[in-house]
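To start, the structure itself, in C-alpha coordinates.
The values are calculated or read from the model by the stated rules, or taken from the named source; none is laboratory data. Keep in mind that what you see is a predicted model, and the values were worked out from it rather than measured. Here the Cβ positions follow ideal geometry from the backbone for every residue, glycine too, while neighbour counts run over all protein chains shown. We work out accessible area using only protein heavy atoms, side chains counted, and drop any ligands, DNA or RNA first. Shrake-Rupley method; radii C 1.70, N 1.55, O 1.52, S 1.80 Å.
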Amino acid sequence: MRFKSLGSGSTGNATVVESTAHGHTSRLLIDCGFGIRQLDQRLALAGLCTADLDAVFITHEHADHIGCVRQLAVRAQLPVWMSQGTRSALNTTDIDPWLCLARDGEPLGVGGLQVTPFTVPHDAREPLQLTCTDGLATFGVLTDLGHITAHVTQHLQACHTLLLECNHDPVLVAQSAYPPFLKQRITGRLGHLANEEAASLLKSLRSGPLRQVVAAHLSLQNNTPELARQALVDALGSAPCTITLADAASGTGWITVSP
Ligand SMILES: [Zn+2]
Ligand SMILES: [Zn+2]
(Lines give C-alpha, C1' and ligand atoms only; values in the text may rest on other atoms or scores of the structure.)
(Ligands and ions follow the chains in the order given, each with its own letter.)
Protein backbone atom coordinates (compact mmCIF):
# COMPACT_ATOMS: atom_id res chain seq x y z
CA MET A 1 0.00 0.00 0.00
CA ARG A 2 1.16 3.54 -0.70
CA PHE A 3 -0.30 7.03 -0.55
CA LYS A 4 0.34 10.52 -1.82
CA SER A 5 -0.92 13.78 -0.39
CA LEU A 6 -1.96 16.00 -3.30
CA GLY A 7 -1.82 19.04 -1.03
CA SER A 8 -2.54 19.69 2.63
CA GLY A 9 -3.63 22.85 4.44
CA SER A 10 -6.46 25.31 4.81
CA THR A 11 -6.39 25.97 1.04
CA GLY A 12 -7.25 22.36 0.19
CA ASN A 13 -6.72 18.72 1.11
CA ALA A 14 -6.69 15.50 -0.90
CA THR A 15 -4.82 12.22 -0.45
CA VAL A 16 -4.74 9.18 -2.75
CA VAL A 17 -4.32 5.75 -1.16
CA GLU A 18 -3.43 2.86 -3.44
CA SER A 19 -3.37 -0.85 -2.68
CA THR A 20 -2.07 -3.52 -5.00
CA ALA A 21 -2.71 -6.36 -2.57
CA HIS A 22 -4.10 -9.64 -3.96
CA GLY A 23 -3.11 -8.68 -7.54
CA HIS A 24 -5.77 -5.99 -7.81
CA THR A 25 -5.21 -2.23 -7.74
CA SER A 26 -7.61 -0.19 -5.62
CA ARG A 27 -7.48 3.58 -5.20
CA LEU A 28 -9.33 5.73 -2.71
CA LEU A 29 -9.29 9.52 -2.76
CA ILE A 30 -9.60 10.92 0.77
CA ASP A 31 -11.15 14.39 0.46
CA CYS A 32 -11.08 16.48 -2.71
CA GLY A 33 -10.71 20.02 -1.40
CA PHE A 34 -9.71 21.59 -4.70
CA GLY A 35 -11.48 22.79 -7.81
CA ILE A 36 -11.84 20.11 -10.48
CA ARG A 37 -9.06 21.54 -12.69
CA GLN A 38 -6.69 21.71 -9.72
CA LEU A 39 -7.59 18.16 -8.79
CA ASP A 40 -6.92 17.00 -12.36
CA GLN A 41 -3.53 18.72 -12.33
CA ARG A 42 -2.56 17.32 -8.96
CA LEU A 43 -3.66 13.80 -9.91
CA ALA A 44 -1.67 14.10 -13.16
CA LEU A 45 1.45 14.87 -11.11
CA ALA A 46 0.78 11.57 -9.32
CA GLY A 47 0.47 9.81 -12.71
CA LEU A 48 -3.29 9.43 -12.32
CA CYS A 49 -6.61 10.75 -13.60
CA THR A 50 -10.07 10.68 -12.02
CA ALA A 51 -10.95 7.50 -13.98
CA ASP A 52 -8.24 5.69 -12.00
CA LEU A 53 -10.10 6.24 -8.71
CA ASP A 54 -12.47 3.65 -7.22
CA ALA A 55 -14.14 5.78 -4.54
CA VAL A 56 -13.94 9.05 -2.61
CA PHE A 57 -14.18 9.45 1.15
CA ILE A 58 -15.14 12.91 2.40
CA THR A 59 -14.15 13.54 6.03
CA HIS A 60 -16.41 16.59 6.57
CA GLU A 61 -18.15 19.42 4.79
CA HIS A 62 -15.56 22.21 5.12
CA ALA A 63 -14.60 23.68 1.73
CA ASP A 64 -10.94 22.64 2.01
CA HIS A 65 -12.11 18.99 2.10
CA ILE A 66 -15.23 18.82 -0.02
CA GLY A 67 -14.10 21.02 -2.95
CA CYS A 68 -15.28 19.58 -6.26
CA VAL A 69 -16.92 16.39 -4.94
CA ARG A 70 -20.15 16.92 -6.90
CA GLN A 71 -18.39 17.38 -10.24
CA LEU A 72 -16.05 14.50 -9.51
CA ALA A 73 -18.90 12.11 -8.66
CA VAL A 74 -20.84 13.05 -11.79
CA ARG A 75 -17.86 12.81 -14.10
CA ALA A 76 -16.23 9.66 -12.72
CA GLN A 77 -19.42 7.93 -11.48
CA LEU A 78 -17.72 7.17 -8.19
CA PRO A 79 -19.11 5.99 -4.87
CA VAL A 80 -18.82 8.92 -2.44
CA TRP A 81 -18.52 7.92 1.20
CA MET A 82 -19.43 10.43 3.92
CA SER A 83 -21.37 10.57 7.18
CA GLN A 84 -25.10 11.32 7.31
CA GLY A 85 -24.23 14.58 9.06
CA THR A 86 -21.84 15.64 6.28
CA ARG A 87 -24.50 14.73 3.70
CA SER A 88 -27.11 16.88 5.45
CA ALA A 89 -24.68 19.79 5.80
CA LEU A 90 -24.31 19.82 2.01
CA ASN A 91 -27.92 20.91 1.67
CA THR A 92 -28.26 19.35 -1.78
CA THR A 93 -29.43 16.06 -3.26
CA ASP A 94 -26.95 16.26 -6.19
CA ILE A 95 -24.65 13.75 -4.59
CA ASP A 96 -27.31 11.21 -3.63
CA PRO A 97 -26.98 8.87 -6.65
CA TRP A 98 -23.37 8.17 -5.60
CA LEU A 99 -23.78 8.51 -1.83
CA CYS A 100 -22.64 5.75 0.52
CA LEU A 101 -23.08 6.44 4.22
CA ALA A 102 -20.06 6.00 6.49
CA ARG A 103 -20.48 5.49 10.23
CA ASP A 104 -18.15 5.64 13.18
CA GLY A 105 -16.46 2.28 13.76
CA GLU A 106 -18.09 0.48 10.80
CA PRO A 107 -15.49 -0.84 8.32
CA LEU A 108 -16.20 -0.34 4.62
CA GLY A 109 -14.49 -1.85 1.58
CA VAL A 110 -12.96 -0.15 -1.46
CA GLY A 111 -11.55 -3.01 -3.54
CA GLY A 112 -8.65 -4.44 -1.58
CA LEU A 113 -8.70 -1.62 0.97
CA GLN A 114 -10.60 -1.81 4.24
CA VAL A 115 -11.43 1.62 5.62
CA THR A 116 -12.55 2.25 9.20
CA PRO A 117 -13.99 5.71 9.90
CA PHE A 118 -14.03 7.18 13.40
CA THR A 119 -15.54 10.27 14.96
CA VAL A 120 -13.38 13.28 15.82
CA PRO A 121 -14.16 16.51 17.72
CA HIS A 122 -14.32 19.31 15.09
CA ASP A 123 -16.79 22.09 14.31
CA ALA A 124 -18.49 20.24 11.46
CA ARG A 125 -21.82 18.33 11.49
CA GLU A 126 -20.49 14.77 11.81
CA PRO A 127 -16.76 14.70 11.01
CA LEU A 128 -14.99 11.38 10.50
CA GLN A 129 -11.32 10.54 10.07
CA LEU A 130 -10.13 7.08 9.06
CA THR A 131 -7.67 4.25 8.91
CA CYS A 132 -7.00 2.16 5.76
CA THR A 133 -5.52 -1.32 5.65
CA ASP A 134 -4.73 -3.75 2.85
CA GLY A 135 -4.50 -6.57 5.39
CA LEU A 136 -0.74 -6.12 5.73
CA ALA A 137 -0.13 -2.52 6.76
CA THR A 138 -2.30 0.22 8.24
CA PHE A 139 -2.37 3.91 7.30
CA GLY A 140 -4.14 6.46 9.50
CA VAL A 141 -5.39 9.92 8.56
CA LEU A 142 -6.03 12.41 11.35
CA THR A 143 -6.61 16.07 10.51
CA ASP A 144 -9.22 18.63 11.49
CA LEU A 145 -9.80 17.97 15.16
CA GLY A 146 -9.68 20.24 18.18
CA HIS A 147 -8.27 17.77 20.66
CA ILE A 148 -7.25 14.14 21.07
CA THR A 149 -9.83 11.79 22.57
CA ALA A 150 -9.45 8.24 23.89
CA HIS A 151 -11.64 7.16 20.95
CA VAL A 152 -9.18 8.69 18.44
CA THR A 153 -6.13 7.18 20.14
CA GLN A 154 -7.75 3.76 20.25
CA HIS A 155 -8.47 3.81 16.49
CA LEU A 156 -4.83 4.63 15.66
CA GLN A 157 -3.15 1.92 17.74
CA ALA A 158 -2.42 -0.36 14.75
CA CYS A 159 -1.08 2.35 12.39
CA HIS A 160 2.30 1.87 10.71
CA THR A 161 2.06 5.31 9.08
CA LEU A 162 0.05 8.31 10.23
CA LEU A 163 -0.85 11.52 8.39
CA LEU A 164 -1.22 13.81 11.39
CA GLU A 165 -2.46 17.36 11.72
CA CYS A 166 0.11 19.79 13.13
CA ASN A 167 -1.98 22.88 12.55
CA HIS A 168 -0.54 25.64 14.68
CA ASP A 169 1.68 26.94 17.39
CA PRO A 170 -0.54 28.56 20.05
CA VAL A 171 1.95 31.41 20.59
CA LEU A 172 1.87 32.30 16.90
CA VAL A 173 -1.95 32.19 16.92
CA ALA A 174 -2.03 34.51 19.95
CA GLN A 175 0.41 36.94 18.27
CA SER A 176 -1.38 36.87 14.91
CA ALA A 177 -3.62 39.59 13.52
CA TYR A 178 -6.59 37.16 13.47
CA PRO A 179 -9.78 38.48 15.13
CA PRO A 180 -10.45 37.03 18.62
CA PHE A 181 -13.32 34.79 17.44
CA LEU A 182 -11.05 33.15 14.86
CA LYS A 183 -8.25 32.64 17.38
CA GLN A 184 -10.76 30.97 19.69
CA ARG A 185 -12.12 28.81 16.87
CA ILE A 186 -8.67 27.55 15.83
CA THR A 187 -7.39 26.80 19.33
CA GLY A 188 -10.74 25.64 20.77
CA ARG A 189 -11.87 22.09 21.61
CA LEU A 190 -13.58 21.80 18.20
CA GLY A 191 -10.93 23.59 16.17
CA HIS A 192 -7.54 22.36 14.98
CA LEU A 193 -4.71 20.38 16.52
CA ALA A 194 -1.70 22.30 17.87
CA ASN A 195 1.82 20.96 17.40
CA GLU A 196 2.03 20.02 21.08
CA GLU A 197 -1.27 18.11 20.94
CA ALA A 198 -0.05 16.16 17.90
CA ALA A 199 3.14 15.48 19.85
CA SER A 200 1.24 14.17 22.87
CA LEU A 201 -0.65 11.73 20.62
CA LEU A 202 2.67 10.47 19.24
CA LYS A 203 3.95 9.87 22.76
CA SER A 204 1.06 7.50 23.34
CA LEU A 205 1.64 5.70 20.00
CA ARG A 206 5.46 5.56 19.85
CA SER A 207 5.76 2.21 21.62
CA GLY A 208 3.44 0.60 19.04
CA PRO A 209 3.96 -0.29 15.34
CA LEU A 210 4.16 3.35 14.14
CA ARG A 211 7.17 3.87 11.83
CA GLN A 212 6.30 6.99 9.79
CA VAL A 213 4.54 10.26 10.57
CA VAL A 214 3.56 12.84 7.98
CA ALA A 215 2.85 16.26 9.49
CA ALA A 216 -0.16 17.73 7.69
CA HIS A 217 -2.61 20.65 7.55
CA LEU A 218 0.06 23.11 8.75
CA SER A 219 -1.18 26.68 9.01
CA LEU A 220 0.78 28.99 6.72
CA GLN A 221 0.23 31.91 9.10
CA ASN A 222 0.42 30.28 12.52
CA ASN A 223 3.03 27.55 12.17
CA THR A 224 6.40 26.83 10.61
CA PRO A 225 7.72 23.50 9.28
CA GLU A 226 10.57 23.78 11.81
CA LEU A 227 8.25 24.18 14.83
CA ALA A 228 6.03 21.30 13.72
CA ARG A 229 8.95 18.99 13.05
CA GLN A 230 10.68 19.84 16.35
CA ALA A 231 7.53 19.08 18.36
CA LEU A 232 7.29 15.65 16.72
CA VAL A 233 11.02 14.94 17.08
CA ASP A 234 10.83 15.73 20.80
CA ALA A 235 7.78 13.49 21.24
CA LEU A 236 9.27 10.52 19.39
CA GLY A 237 12.57 10.52 21.26
CA SER A 238 14.51 7.44 20.22
CA ALA A 239 11.48 5.67 18.72
CA PRO A 240 12.29 4.29 15.21
CA CYS A 241 9.91 6.59 13.35
CA THR A 242 10.59 8.95 10.43
CA ILE A 243 8.98 12.38 10.00
CA THR A 244 7.91 13.95 6.69
CA LEU A 245 6.03 17.20 6.11
CA ALA A 246 3.09 17.54 3.71
CA ASP A 247 3.18 20.81 1.82
CA ALA A 248 0.11 22.94 1.07
CA ALA A 249 1.07 23.34 -2.59
CA SER A 250 2.67 20.02 -3.47
CA GLY A 251 1.64 17.57 -0.72
CA THR A 252 4.11 14.69 -0.58
CA GLY A 253 5.68 12.23 -2.95
CA TRP A 254 4.38 8.66 -2.99
CA ILE A 255 4.99 7.13 0.44
CA THR A 256 4.97 3.37 0.95
CA VAL A 257 3.20 2.01 4.04
CA SER A 258 4.89 -1.14 5.28
CA PRO A 259 4.34 -3.22 8.39
ZN1 LIG B 1 -9.30 21.35 6.93
ZN1 LIG C 1 -12.39 21.31 8.95
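Assign unit charges at the C-beta atoms only (+1 for Lys and Arg, -1 for Asp and Glu), then state the dipole size of the stretch 1-55 relative to its Cα centre in Debye, rounded to the nearest 20.
The dipole magnitude comes to about 140 debye.
If you roll a 1.4 Å probe over the heavy atoms of the protein chains, what accessible area per residue do you get for the chain, in Å²?
I get 40 Å² per residue for the chain.
Towards the positive end of the charge dipole of the stretch 2-256, with charges on Cβ (+1 Lys, Arg; -1 Asp, Glu), say which of SER19, VAL74, ASN91 has the farthest Cα.
Of the options given, the answer is SER19.
Can you give me the solvent accessible area of CYS166 with a 1.4 Å probe, rounded to the nearest 10 Å²?
Approximately 0 Å² of CYS166 is accessible to the 1.4 Å probe.
Any idea which of LEU136, LEU53, ALA124 is furthest toward the positive side of the dipole for the chain, if Lys and Arg beta-carbons carry +1 and Asp and Glu beta-carbons -1?
The residue sitting farthest along the positive end of the dipole is LEU136.
Please find, in a Gaussian network model of the chain (springs between Cα atoms separated by less than 10 Å), the residue of THR143, THR86, THR153 whose mean-square fluctuation is greatest.
THR153
Taking the Cβ-Cβ separation of CYS100 and GLN175 as r and a Förster radius of 35 Å, what is the calculated FRET efficiency to the nearest 0.05?
0.20
Bin width 5 Å, origin at 0, all Cα-Cα pairs of the stretch 151-259: what percent of pairs per bin?
The distribution over the stretch 151-259 is 2, 12, 23, 22, 19, 12, 6, 3, 0, given as percents.
Please build a GNM for the chain, connecting alpha carbons under 10 Å apart, and tell me which residue among GLY140, GLY111, GLY23 fluctuates the most.
GLY23
Students sometimes get this wrong: rank ARG229, ARG37, ARG42 by accessible area, probe 1.4 Å, all chains present, largest first.
ARG37, ARG229, ARG42
Once both labels are modelled 7 Å past Cα along the beta-carbon direction, what's the THR256-GLN41 spacing in nm?
3.1
Please build a GNM for the chain, connecting alpha carbons under 10 Å apart, and tell me which residue among LEU164, LEU53, LEU128 fluctuates the most.
LEU53
Obtain the nm distance between the two label points defined at ARG206 and GLU226 by a simple spin-label model: each point lies 7 Å from its Cα along the Cα-to-C-beta direction.
According to this spin-label approximation, the distance is 2.2 nm.
Enter the accessible area of VAL171 (Å², nearest 10), with the probe set to 1.4 Å and all protein chains included.
Counting only protein heavy atoms, the figure is 90 Å².
Taking the Cα centre as origin and putting +1 on Lys and Arg beta-carbons and -1 on Asp and Glu beta-carbons, what dipole magnitude results for the stretch 69-171, to the nearest 20 debye?
The dipole of the stretch 69-171 has a size of about 260 debye.
With an 8 Å Cα cut-off and a minimum separation of 6 or more residues, compute the relative contact order for the stretch 2-256 in percent.
19
Calculate for the chain the 222 nm mean residue ellipticity that helices alone would give, adding -39,500 (n - 2.57) per DSSP H run of length 4 or more and normalising by residue count, nearest 500 deg cm²/dmol.
-7500 deg cm²/dmol
Please sort through the DSSP H helices of the chain and keep those with an alpha-carbon extent of at least 20 Å along the long axis and a Kyte-Doolittle average not below 0.5.
Flagged H segments: there are none.
In debye, nearest 20, what is the charge dipole magnitude of the chain about its Cα centre with +1 on Lys and Arg Cβ and -1 on Asp and Glu Cβ, if you could check?
That gives a dipole near 140 debye.
Sort LEU201, LEU172 by heavy-atom solvent-accessible area, probe 1.4 angstrom, most to least.
I get LEU172, LEU201, largest accessible area first.
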